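Taking it in order: structure first as structure tokens, then the write-up.
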Protein chains: 2
Amino acid sequence: MSRTERRTVRDLRRGHRAMLLRALYFGGPASRHDLCAATGLSAGTVSTLTADLLDEDVVVEAGQVDSDGGRPRVLLRVNPDHGYAIGVDVGETQVRVELFDLGMTERAGASYALHSARHDPELVVRHLLEGVDTVLADSGVPAERVLGVGVGVPGIVEAGPDALVHATTFGWNAVPFGALVRAGTSLPLFVDNGAKTMGQAELWFGSCRGVSDAIIVFIGSGVGCTVVADGAIYRGSARAAGELGHLKIAAGGRPCRCGGRDCFEAYVGAEGILDRAGIAADSADQRPALARLLEAGSPVLAGTAELIGLGLSNLVHLFDPERIVIGGWAGLMLGEGLLEPIRAATAVNTMASFPPVPIVLGGLGADAVAMGAATLVVEEFLRGAQAAGAQATA
Amino acid sequence: MSRTERRTVRDLRRGHRAMLLRALYFGGPASRHDLCAATGLSAGTVSTLTADLLDEDVVVEAGQVDSDGGRPRVLLRVNPDHGYAIGVDVGETQVRVELFDLGMTERAGASYALHSARHDPELVVRHLLEGVDTVLADSGVPAERVLGVGVGVPGIVEAGPDALVHATTFGWNAVPFGALVRAGTSLPLFVDNGAKTMGQAELWFGSCRGVSDAIIVFIGSGVGCTVVADGAIYRGSARAAGELGHLKIAAGGRPCRCGGRDCFEAYVGAEGILDRAGIAADSADQRPALARLLEAGSPVLAGTAELIGLGLSNLVHLFDPERIVIGGWAGLMLGEGLLEPIRAATAVNTMASFPPVPIVLGGLGADAVAMGAATLVVEEFLRGAQAAGAQATA
DNA sequence: TGACTTTTTTTAAGGCTTAGATTATGGTCT
DNA sequence: AGACCATAATCTAAGCCTTAAAAAAAGTCA
């Protein structure tokens, strides 16, 4: 039943243009000849398409490669200064705003601490807007060259212009986050779950590069995940897929902050782990508290690895991924010491007929959420690839 | 990263042709004018494409619709006799072979009983091949008009020409099922997991018609499921996705026939239910035994509904479906009396931020596996839509 | 019978890709 | 140094495809 779109002969060109741009973006500098091989297009088509892109300054030349007996090939690459993307991580402890060029080099950043029970949407939005102004000023990038702002938030983000956010841990219930931000800026806006933006960052630049079926698990205070199916993020019918944190994994009856019981997150999220170890920590203190716990050792940790493995085996059975990545600040901390037990527990709980699934740590650190949020903007750019000005004023 | 294919101007026509054929196949009889609206193509294109299809006898006229003041529209539909598809259900208790025309009307069928511990691959293949000969003879359809044979088998089916099958319950470990069948027939062959073929049948003709994100749960002796993502079946990296049966759901420690513990199937599959109720039944006797249990009532049943609801809530959290369908012979039997408790248990275990998910029973009965297997053949036909002869001899 | 509707087919125009020919650019051999 | 070769990039002619508009077909209604 999968929908196929009507296509005109011009869509071919648009599609090929996007293909070429993707190949150039992810395939580093390449000559026109290389692009023929990468895209399967003929030399003539590559030639005219690249001429367009060069004209528009989307692509620039990047030196030559000496040949051994022939005309040297001219390398091309996406112009990193053609446009910029702002990524925002709305986390439990802070709002982090970063400005990237198209090459995903960070040009400026700003952070605003949040305190427990002070996750007022208006405050968060004020921080966000101030952050945008700050990174623009610090980097000297004019606003009209910014292709958009991507935001990663906790909880479920409904589709639609208002981007309604449901985040139980923030006490947000259908907060029109998108509408609030749009009231303060005219930049194109993209809002998604933070675990998903992290997943996209790992998919594009981290431990999942080139993998087409993968799962990226985010472990912070809470737990979420990104499912990558056939190279794209799987979102489900209401953009709520991947709510790994509230999977029911055991019959111990442990209450979860979502109001339910037996949720995965209540056992293996940082808050859950600390609580099970008898440590009460304010959200801002969880990182050091977890670090101390890991250093001191605790019987809770072995059980945590077991439970994570159990959860991951469920993901393997249902999604059959090629690879699993563990990220998020707590996930990265846990992974340092517990990766082997987690791998073992996952294997034990997985049927033998499944091929063994590599489990690795995220390669981008804890900043991946903001970077991934910026990739939402770049994704749109790669799809359409209009000139920067045209997009910003649309 | 999602791959885009290079396309030539002729691919446009091929794509539009397939689009048109799909619209006609699923949209019932329609006039050329209707097809313009359905596909978005211009009248001219629809006219030439349908002319081709009529020439090739893929499509036939199906009467006229009287107009009120204008040229009457000529209705077109896919020619049901243009080709035929054979679907095979390799189940725990029998091998069922059915022959369908393109309109999915059953033209002939044959069954071969299997007995416990007699799931020898060679025997199954012999039954299958004999069944194919029988349905051809009974229906009078010449073999060269058969577009292919689709087979639904238990367990995991690896991609590749040999179609290696791993089915622990049959004792099959990497059985080259496809190779064995191909040795006995030259018809195009499609092999997939039986739960997935059933899912595709429900998606095309049953309780999931027109739904683009759904989950179809198969409950028989064991348990499996089909994940429909964006109108297509989600298969994962090794075609093993959707192994719902071996999801870990509780910490009761109940052993599963897969060798693991706490598997969903060990609790809510027919075998598991009967076992928990203290009834030992040979695979051939499970249906009547379960029927008796349901009639007599048992405290095990309420718990079963609870556990099914728990499992379904996990699916909701991870996949965010628009709808859940319960099928399979045991699922349909359980659903008659337990659908409400299952719905309630699912809702209780699902976070409030999820929209409520309708849970319904399969609409095609227990024969859906074989029908779905035949749809694998039709799916290929709709993709390429070559003439019947050309495909069979390829 | 003639005006009006609606459906289909035909026709002219414009765009796209490809394959092959041509031009550009530099190395290699004598 | 100059002729010749190899590789890269561009140009050109040919073939398809879709669309929009015009024309034809087939009825209804006054």
Flag if A:Cys263 is open to solvent by less than 10 Å² (accessible area, probe 1.4 Å) and within 14 Å of the chain's Cα centre (by Cα) = no
In the set A:Arg257, A:Arg323, the lone residue that is within 14 Å of chain B (Cβ to nearest Cβ), charged (D, E, K, R) and under 20 Å from the mean Cα position of the chain (by Cα) is A:Arg323
Residues satisfying the stated conditions in the stretch A:111-129, i.e. more than 19 Å from the chain's Cα centre (by Cα) and closer than 16 Å to A:Ala85 by Cα | A:Leu129
So B:Val65 fits all but one of (1) more than 16 Å from DNA strand C (Cβ to nearest atom); (2) at pLDDT below 90; what number is the exception?
-> (1)
Would you point out the residue of the stretch B:201-214, among those that are within 12 Å of another protein chain (Cβ to nearest Cβ) and farther than 23 Å from A:Ala238 by Cβ, that is surrounded by the fewest Cβ atoms within 10 Å (Cβ to Cβ)?
-> B:Phe205
Pairs where the first residue, in the stretch B:10-32, is in contact (Cβ under 8 Å) with a residue 60 or more places away in the chain and the second is near DNA strand D (Cβ under 9 Å from one of its atoms), C-beta under 8 Å, 6+ apart = B:Arg17/B:Leu49
Could you grab the pairs with beta carbons closer than 6 Å, sequence gap of 6+ or different chains, first residue in the stretch B:347-375 and away from chain A (no Cβ under 14 Å), second one hydroxyl-bearing (Ser, Thr, Tyr) and surrounded by 17 or more Cβ atoms within 10 Å (Cβ to Cβ)?
-> B:Val360/B:Ser207; B:Gly362/B:Ser207; B:Gly363/B:Ser207; B:Val369/B:Thr197; B:Ala373/B:Thr197
For the subset of the stretch B:17-63 comprising residues that are more than 7 Å from DNA strand D (Cβ to nearest atom) and among the polar types (S, T, N, Q), which member is nearest to B:Arg145 (Cα to Cα)?
-> B:Thr50
Residues B:Val325, B:Val357: which one is out of contact with any Phe, Trp or Tyr (no Cβ under 9 Å at 6 or more places or on another chain), crowded, with 23+ Cβ neighbours inside 10 Å and assigned to a loop (DSSP other than H, G, I, E, B)?
-> B:Val357
Which of the following residues is open to solvent by less than 30 Å² (accessible area, probe 1.4 Å) and either within 13 Å of DNA strand C (Cβ to nearest atom) or over 30 Å from B:Ala229 (Cα atoms) (or both): A:Ala37, A:Ala30, A:Ala51?
-> A:Ala30
The stretch B:266-295, residues that are free of Cβ contacts under 8 Å to residues at least 24 places away in the same chain and within 25 Å of the chain's Cα centre (by Cα) | B:Ala266, B:Gly272, B:Asp285, B:Pro288
Filter the stretch B:68-85 for residues that are more than 8 Å from DNA strand C (Cβ to nearest atom) and of a type in the set (Gly, Ala, Ser); which is farthest from the chain's Cα centre (by Cα)?
-> B:Gly83
Restricting the stretch A:4-27 to residues that are hydroxyl-bearing (Ser, Thr, Tyr) and under 29 Å from the mean Cα position of the chain (by Cα), the one surrounded by the fewest Cβ atoms within 10 Å (Cβ to Cβ) turns out to be A:Thr4
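Listed here are the residues, each with its yes/no results for (1) of a type in the set (Val, Ile, Thr); (2) surrounded by fewer than 18 Cβ atoms within 10 Å (Cβ to Cβ).
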residue	(1), (2)
B:Val74	yes, yes
B:Asp81	no, yes
B:Val97	yes, no
B:Leu102	no, no
B:Arg107	no, no
Within the stretch B:215-254, track down each residue that is more than 10 Å from chain A (Cβ to nearest Cβ), crowded, with 22+ Cβ neighbours inside 10 Å and not in a strand (DSSP E or B).
-> B:Gly220, B:Ser221, B:Gly222
With respect to B:Ala390, is the statement that it is assigned to a loop (DSSP other than H, G, I, E, B) and at pLDDT below 95 true?
-> no
Which one of these is more than 14 Å from chain A (Cβ to nearest Cβ), open to solvent by less than 40 Å² (accessible area, probe 1.4 Å), in contact (Cβ under 8 Å) with a residue 24 or more places away in the chain and within 16 Å of DNA strand C (Cβ to nearest atom): B:Val151, B:Val58?
-> B:Val58
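The values are calculated or read from the model by the stated rules, or taken from the named source; none is laboratory data. The structure presented is a predicted model; accordingly, all values stated were derived computationally and were not measured. No Cβ is skipped: glycine too gets one built from the backbone with ideal geometry, and neighbour counts run over all protein chains shown. These accessible areas exclude ligands, DNA and RNA; they are computed on the full protein's heavy atoms, side chains included. Shrake-Rupley method; radii C 1.70, N 1.55, O 1.52, S 1.80 Å.
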